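Written below as structure tokens is the structure these notes are about.
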2 protein chains.
Amino acid sequence: MTTDLESVVAANKAFYAAFEARDLDAMSAVWEHSDRIICTHPGWASLRGWGQVAASFFALFQNSQHLQFILTKETAEVAGDTAWVAVDENILQSTNATTVAAFNLFVRTAGGWKLVAHHASPVSDSTDT
Amino acid sequence: MTTDLESVVAANKAFYAAFEARDLDAMSAVWEHSDRIICTHPGWASLRGWGQVAASFFALFQNSQHLQFILTKETAEVAGDTAWVAVDENILQSTNATTVAAFNLFVRTAGGWKLVAHHASPVSDSTDT
């Protein structure tokens, strides 16, 4: 018996697995294909709707080097038919590593938990503003 | 009769009104006071739980200059007892302006819609990475 929390954590892992593999089909399976979804890559303006979001991953997968995600400080919460995961993405890319704070929102659907929002932002060395 | 969408948009406005007014009591009323809340200020690591989140606003309100938020590109979605707002915060501060992409997640409670996640990140001039 898989709990909701386990299913959400698995859906979150599938997102990063698709990202690492640069697998657009797997990434497509993670997301809800609707107009209400939001994706904010680090430093980017927010993208809205599956068309814009899919195009961004297509571009990232074409252009970027291989990224490896080491996930830390993961917390997951389920609230009815919605769930969210906050996690630090420690991204290893050739010779450098950066830390990105990410927030992922999922909704329960007939086809399982689907991603409706991903917001990722670079963490500065200092938390002073 | 106020719709859910109108109530969520109002709750989102109350967050920015409290921020502009540097009013910790008003900010406190906006948030759910629980361990599951998440707040990621631009460039900061994610803060978890009302204790950390409240402390961050206390520090920001003490230290920062007056901020004015011009909100653009606001979209709001209600999904059962959860709702989210994505919005661009155009922040005016003394002589400069910056754009921050924000994502705010609310849950329905007996006391109205309460904020459970706020993630804000600076938008670079270019969307290339």
Exclusive hit being of a type in the set (S, T, N, Q) and within 17 Å of A:Trp113 (Cα to Cα), set A:Ser56, A:Ser7, A:Ser94, A:Ser64 = A:Ser7
With respect to B:His66, is the statement that it is at pLDDT below 95, at negative phi and of a type outside the set (Phe, Trp, Tyr) true?
-> yes
Restricting the search to segment A:6-55, which residues are surrounded by fewer than 18 Cβ atoms within 10 Å (Cβ to Cβ) and of a type in the set (S, T, N, Q)?
-> A:Ser7, A:Ser28, A:Ser34, A:Gln52
Restricting segment A:90-113 to residues that are within 13 Å of chain B (Cβ to nearest Cβ) and surrounded by fewer than 16 Cβ atoms within 10 Å (Cβ to Cβ), the residue that is farthest from B:Asp81 (Cα to Cα) | A:Gln93
Looking at (1) within 29 Å of A:Thr3 (Cα to Cα); (2) within 10 Å of chain B (Cβ to nearest Cβ); (3) touching a His at 6+ places or on another chain (Cβ under 7 Å), find the lone condition where A:Trp50 falls short.
-> (2)
Just a yes or no: is a residue in segment B:70-89 without any contact (Cβ under 8 Å) to a residue 24 or more places away in the chain, within 12 Å of another protein chain (Cβ to nearest Cβ) and loosely packed, with under 13 Cβ neighbours inside 10 Å?
-> yes
Report whether or not A:Ala21 is out of contact with any strand residue (DSSP E or B) (no Cβ under 7 Å at 6 or more places or on another chain) and more than 8 Å from every other protein chain (Cβ to nearest Cβ).
-> yes
Scope segment A:65-111; condition of a type outside the set (A, V, I, L, M, F, W, C) and out of contact with any strand residue (DSSP E or B) (no Cβ under 9 Å at 6 or more places or on another chain); matching residues = A:Ser94, A:Thr95, A:Asn96, A:Thr109, A:Gly111
Pairing a residue in segment B:26-41 that is more than 14 Å from chain A (Cβ to nearest Cβ) with any residue that is assigned to a loop (DSSP other than H, G, I, E, B) and surrounded by fewer than 17 Cβ atoms within 10 Å (Cβ to Cβ), where Cβ atoms lie under 9 Å and the two sit 6 or more apart in sequence or on different chains, gives B:Ala29/B:Gly111
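The values are calculated or read from the model by the stated rules, or taken from the named source; none is laboratory data. None of these values were measured; they are calculated from a predicted model. Don't worry about glycine lacking a Cβ; one is built from the backbone with ideal geometry, like all the others, and counts go over all protein chains shown.
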